[in-house]
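Trainee: Sending over a structure as C-alpha cells; questions will come in a sec.
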Amino acid sequence: MKSHLYDQPIHQSIIHTDIFPDNVMCDNGNVTLVDFEEMCQGFSMIDIGIVLMACCIRNNELDVSLARSFLQGYNSIRPLSELEFSLIPSKYF
C-alpha cells in the first residue's frame with residue numbers, strides 16, 4: 001500500500017500558501033508577509049516550496065545561492081527534520 005503524506009511525521013502549522021514577491025514586504029532588513037486570505041492549516045513544506053519557486057528564481061532559473069540562504073535562515077528558526085530535508089533536492093545544501 002502506498003504511504004500517504006499525512007501519515008508521515010512532517011511538521012504542520014498555520015501556513016500562508018501565497019508567499020509570492022508581491023506579498024513580501026522588505027524594509028531595513030525586516031520581512032513582513034501580507035495577504036493572508038489563503039492562510040490555512042497545512043504542511044510547512046508547502047510554504048518552503050512556494051518560496052523556492054516564487055522568490056528564488058532569477059533569469060528563469062533557480063538561484064541556488066538564494067535558495068540555500070533562504071533554507072539556512074529558515075532552518076535556523078525552525079529546524080527541518082531529516083524527512084523534511086530529504087524532500088528538498090540536495091543541490092540546495
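Trainee: Give the range 2-17 a look and list any residue that's within 16 Å of I77 (Cα to Cα) and open to solvent by less than 100 Å² (accessible area, probe 1.4 Å), or say none.
Mentor: Scanning the range 2-17 gives H11, Q12, S13, I15.
Trainee: Also: With the condition kept exactly as written, say whether any residue in the range 77-86 is part of a helix (DSSP H, G or I), among the hydrophobic types (A, V, I, L, M, F, W, C) and over 12 Å from the mean Cα position of the chain (by Cα).
Mentor: yes
Trainee: Restricting to the range 34-44, and then to whatever is among the hydrophobic types (A, V, I, L, M, F, W, C) and assigned to a strand (DSSP E or B), can you tell me which residue is least open to solvent (accessible area, probe 1.4 Å)?
Mentor: F43
Trainee: Determine which member of the set K2, K91 is part of a helix (DSSP H, G or I) and at pLDDT below 90.
Mentor: Going through K2, K91 in turn, the sole match is K91.
Trainee: Which one is most open to solvent (accessible area, probe 1.4 Å), of the residues in the range 56-75 that are closer than 14 Å to P89 by Cα and touching a residue at least 24 places away in the same chain (Cβ under 8 Å)?
Mentor: R68
Trainee: Just wondering, is there one or more residues in the range 18-33 that are in a helix (DSSP H, G or I) and open to solvent by 100 Å² or more (accessible area, probe 1.4 Å)?
Mentor: There is at least one residue in the range 18-33 that is in a helix (DSSP H, G or I) and open to solvent by 100 Å² or more (accessible area, probe 1.4 Å).
Trainee: Kindly indicate whether M53 is of a type in the set (A, V, I, L, M, F, W, C), in a helix (DSSP H, G or I), under 26 Å from E82 (Cβ atoms) and open to solvent by 70 Å² or more (accessible area, probe 1.4 Å).
Mentor: Criteria met by M53.
Trainee: Pull out all pairs, ordered by first then second residue, where Cβ-Cβ is under 6 Å, the residues are six or more apart or on different chains, the first lies in the range 25-43 and is free of Cβ contacts under 8 Å to residues at least 12 places away in the same chain and more than 17 Å from F70 (Cα to Cα), and the second is of a type in the set (S, T, N, Q) and surrounded by 13 or more Cβ atoms within 10 Å (Cβ to Cβ).
Mentor: These pairs meet every condition: V34/N23.
Trainee: Whether any residue in the range 33-41 is farther than 25 Å from L87 by Cβ and among the β-branched types (V, I, T) is what I want to check.
Mentor: So far as the range 33-41 goes, yes, one or more of its residues are farther than 25 Å from L87 by Cβ and among the β-branched types (V, I, T).
The values are calculated or read from the model by the stated rules, or taken from the named source; none is laboratory data. Every value quoted in this text rests on a predicted model; they were computed, and no experiment measured them. Here the Cβ is made from the backbone with ideal geometry for all residues, glycine too, and neighbour counts use every protein chain on show. With ligands, DNA and RNA removed, areas are computed over all heavy atoms of the protein, side chains included. Shrake-Rupley method; radii C 1.70, N 1.55, O 1.52, S 1.80 Å.
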